[in-house]
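The values are calculated or read from the model by the stated rules, or taken from the named source; none is laboratory data. Bear in mind the structure is a predicted one, so any value in this text is a computation, not a measurement. Using ideal geometry, Cβ is built from the backbone for each residue, glycine included, and neighbour counts are taken over all protein chains shown.
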Amino acid sequence: MKYEMLRAHVIDGRTATAAAHAHGYSRAAFYLVEAAFERSGLVGLLDERPGRRGPLNLSPEVLGFLEARRRERPGTSGAELAGELEAALGVRLHRRTIEKALGGSR
């Protein structure tokens with residue numbers, strides 16, 4: 001749809017407002033799409049994948065804490081590490097998040 005909207009403006013000579021409206025976009029969105037296309041070509045027209053890009057609480061400080069605990073006690077489970085992390089730093093992480101961050105189940 002984004003490509004067709006830009007094509008209607010550039011090739012067919014429709015105004016930005018008319019092209020945007022015909023394709024279900026606002027005029028402001030048209031200009032954002034146009035800028036993305038100019039910046040990145042067709043790739044700029046792709047929508048981003050929805051959802052988070054990773055754990056929000058997995059900061060370098062938290063990761064350092066977890067790695068240090070794993071070195072001290074290699075057999076500690078993800079659930080145990082989660083409890084220690086919450087007690088020490090006040091950060092709650094799921095045991096699987098910790099296990100993935102440390103490279104497998106512990």
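Which pairs turn up if I take residues in the range 18-32 that are closer than 12 Å to L6 by Cβ and look for partners that are among the polar types (S, T, N, Q) and not in a helix (DSSP H, G or I) with beta carbon separation below 7 Å, at least 6 apart in sequence or on another chain?
Final answer for the pair search is A20/S26.
Before we move on, is R49 without any contact (Cβ under 8 Å) to a residue 40 or more places away in the chain, within 30 Å of R95 (Cβ to Cβ), among the charged types (D, E, K, R) and touching a Ser or Thr at 6+ places or on another chain (Cβ under 8 Å)?
The answer is no for R49.
Quick check on the range 36-62: of everything there that is modelled with pLDDT of 90 or more and acidic (D, E), which residue is farthest from the chain's Cα centre (by Cα)?
E38
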